[in-house]
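Below is one structure, written out as structure tokens, with a few remarks after it.
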Amino acid sequence: MVTADGAALSLSLTRAMLSRFPLIDGHNDLPWEIREKFALDPAAAGLTGRVANTHTDIPRLVEGGVAGQFWSVYVPSSLAGDTAVTAVFEQVDLVHRMIAAYPNRFQLALTADDVDAAFQAGKIASLLGAEGGHSINSSLGVLRSLYALGVRYMTLTHNDNVGWADSATDEPDCGGLSAFGREVVTEMQRLGMLVDLSHVAVTTMNQALDIATAPVIFSHSSARAITENPRNVPDEVLARLAGNGGVCMVAFVPFFVSQACTDWFNGMRACAGSRGLDPDNPSQVFGILPDWEKDNPLPPATIAQVADHIEHVREVAGVANVGIGADFDGTPILPEGLHDVSRYPALFAELRDRRWSEADLQALAGGNILRALRGAESAANSH
């Protein structure tokens, strides 16, 4: 039995360990929160203090030992065409202004070496990742422009198909990747932009891996063998990551890490559908949450369950192919004890207690994603 004193000591030792190497998270949706709650103004968000109703601010990032963050320049798939392009450029601009507004804490990172330099300077390396290929409006020119503005990964789809790539949560359309979808993957790797396969259908995952000449990532996905959710990665795909050099960055979303939570959510979706709402529209589904919870309390998800997913990815893909992509500020609900960005040490303490070595924890925390990013950079330089 672990005593309170023992748990506190373990947490203290873990915090000290995380100061020795960079912890890099693959996906955080704070920029969209700033768009919605602070009218696109990162200075107005007051990130140097604790920001109410978010999972993320500078004091909690520091407390959590975060040394690098891929900030999501997310655009909902309800936006399309030129509107989506405008929105993604606004989000890129917002992240650049956020970095500029807090220069004592944030430092723009365009390369793996930039991440190392920021860590040495005691700053949080800030990288950009685009979530949803619909935001390029089927234009390689827009894709190249995003790269020029600092975007270093793009999630091929969000919740809906994009015409050239199938999503995990939509009906099959082009059977994975279309000919243009393969062009997008090839062009991303020519540029040095990581191909992000979170949110995509298994057919899309496999076809992207078939043509990949550089590491791919899952910026925020967990293991389907543990939790049957279409957003999670099946073992057959995880097993391919070792040969590709890619990384599955495990998400903390309860519906991805807990089967009980997934079953609860599916029940709420069915209830929403019975009321004439769209069960594929998260805002409509969560709109009935107060009524649904009265008779159906949400089962708790736990730190141990997140650790189980991390260990499963390590077992199937390898210790060099697992990372962290929590999805803070992109989910309304989080596991107990992982309620905001200050809580990474609690997860790493759990893994230390499971006899993970410091070298393996360093690989998980940031070593693997930095190696993948260097692999993307190297492949681009070879073209």
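The values are calculated or read from the model by the stated rules, or taken from the named source; none is laboratory data. Nothing here was measured: the structure is a model prediction, and the numbers come from that model. No Cβ is skipped: glycine too gets one built from the backbone with ideal geometry, and neighbour counts run over all protein chains shown. Only protein heavy atoms, including side chains, enter the accessible area calculation; ligands, DNA and RNA are left aside. Shrake-Rupley method; radii C 1.70, N 1.55, O 1.52, S 1.80 Å.
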(message) Please report the spacing between the Cα centers of segment 129-146 and segment 191-249 in Å, no decimals.
(response) 19
(request) Can you send over the carbon and sulfur percentage of the accessible area for segment 319-383, probe radius 1.4 Å, protein chains only? (result) 45
(message) If you take every residue apart from Gly245 with its C-beta less than 11 Å away from the C-beta of Gly245, what net charge results, scoring Lys and Arg +1 and Asp and Glu -1?
(response) +3
(message) Can you say what percent of the DSSP beta bridges in the chain, counting only those with both residues inside, are antiparallel? Round to 5.
(response) 5
(request) Treating each Cα of segment 32-99 as an identical point scatterer and ignoring solvent, apply the Debye formula and state log10 I(q)/I(0) at q = 0.12, 0.14, 0.18, 0.19 Å⁻¹. (result) -0.34, -0.46, -0.72, -0.79
(request) Run through every distinct alpha carbon pair of segment 202-262 and return the Kirkwood hydrodynamic radius in angstroms, one decimal place. (result) 11.8
(request) State the Cα centre-to-centre distance between segment 61-104 and segment 13-50 in whole Å. (result) 11
(request) Give the Rg (one decimal place) followed by the Dmax (whole number) of the chain, computed from C-alpha coordinates and expressed in Å. (result) 19.5, 59
(message) For a protection proxy built on the mean count of beta-carbon atoms within 10 angstrom, sort 247-254, 231-238 highest first, please.
(response) 247-254, 231-238
(message) Could you give me D for segment 1-117, from Stokes-Einstein at 10 °C and 1.306 mPa s, where the hydrodynamic radius is the Kirkwood radius over C-alpha pairs? Units µm² s⁻¹, please.
(response) 99
(message) Per residue, how large is the accessible surface of segment 1-134? Use a 1.4 angstrom probe and give square angstrom.
(response) 40
(message) What's the whole-number percent of alpha carbon pairs in segment 331-383 lying beyond 16 angstrom?
(response) 58
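Report the full-extension gain for the segment Ser145 to Ile211: residue separation times 0.36 nm, less the Cα-Cα distance, to one decimal in nm.
On the way: separation 66, 0.36 × 66 = 23.76 nm, distance 2.30 nm.
Separation in residues times 0.36 nm, less the Cα-Cα distance, equals 21.5 nm.
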(message) Whole percent per 5 Å bin, from 0 to the bin with the longest distance: what is P(r) over all C-alpha pairs of segment 148-224?
(response) 3, 18, 30, 26, 16, 6, 1
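Of the accessible area of segment 1-70, with the probe set at 1.4 angstrom, what percent is carbon plus sulfur?
Roughly 59 percent of what the probe reaches on segment 1-70 is carbon or sulfur.
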(message) For segment 246-383, what does the accessible surface come to per residue with a 1.4 Å probe? Please give it in Å².
(response) 39
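With N denoting the number of residues in segment 230-383, provide Rg(C-alpha) divided by 2.2 N^0.38 Å, to two decimal places.
Against the empirical 2.2 N^0.38 Å value, I get 1.20 for segment 230-383.
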(message) With a cut-off of 8 Å between alpha carbons and a minimum separation of six or more residues, what is the relative contact order of the chain in percent?
(response) 19
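With a ≥ b ≥ c the root eigenvalues of the C-alpha gyration tensor of segment 1-62, is it rounded (a/c under 1.5), prolate (a/b larger than b/c) or oblate?
prolate
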(message) Cut-off 10 angstrom, C-alpha nodes, Gaussian network model of the chain. Which of Gln305, Gln120, Gln362 fluctuates the most?
(response) Gln120
(message) Using the Kirkwood radius over C-alpha pairs as Rh, can you work out the diffusion coefficient of segment 71-226 via Stokes-Einstein at 25 °C, viscosity 0.890 mPa s, in µm² per second?
(response) 155
(message) Around Ser342, under 11 Å between beta carbons, what's the net of Lys plus Arg minus Asp minus Glu among the other residues?
(response) +1
(request) Would you mind getting me the FRET efficiency between Asp360 and Thr186? Use the beta-carbon distance for r and R0 = 35 Å, nearest 0.05. (result) 0.60
(request) Using a 1.4 angstrom probe, figure out how much accessible area segment 149-219 has per residue, in square angstrom, rounded to the nearest whole. (result) 29
(request) Could you give the DSSP H helices of the chain that reach 15 angstrom or more along their long axis (alpha carbon positions) and whose average Kyte-Doolittle hydropathy is no lower than 0.5? (result) 4-18, 81-101
(message) Net charge within 11 Å of Gly129 by Cβ-Cβ distance, Lys/Arg positive one each and Asp/Glu negative one each, not counting Gly129 itself?
(response) -3
(request) Could you give me the percent of Cα pairs per 5 Å distance bin for segment 153-287, shortest bin first, beginning at zero and ending with the bin that holds the maximum distance? (result) 2, 11, 19, 21, 19, 13, 8, 5, 2, 0
(message) Helix-only estimate, please: 222 nm mean residue ellipticity of the chain, summing -39500 (n - 2.57) across DSSP H runs of length 4 or more and dividing by its residues, to the nearest 500.
(response) -14000 deg cm²/dmol
(request) Note the direction-averaged projected area, equal to a quarter of the hull surface, for the Cα convex hull of segment 112-168, in nm². (result) 4.7
(message) I'd like the carbon and sulfur percentage of the solvent accessible area for segment 139-250, probe radius 1.4 Å, heavy atoms only, ligands and nucleic acids excluded.
(response) 50
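If packing is taken as the average count of other Cβ atoms within 10 Å, what order do 216-227, 321-332, 133-144 fall into, highest mean first? The partial results should precede the final answer.
On the way: 216-227: 27.1, 321-332: 25.0, 133-144: 19.7.
The peptides rank, most packed first, as 216-227, 321-332, 133-144.
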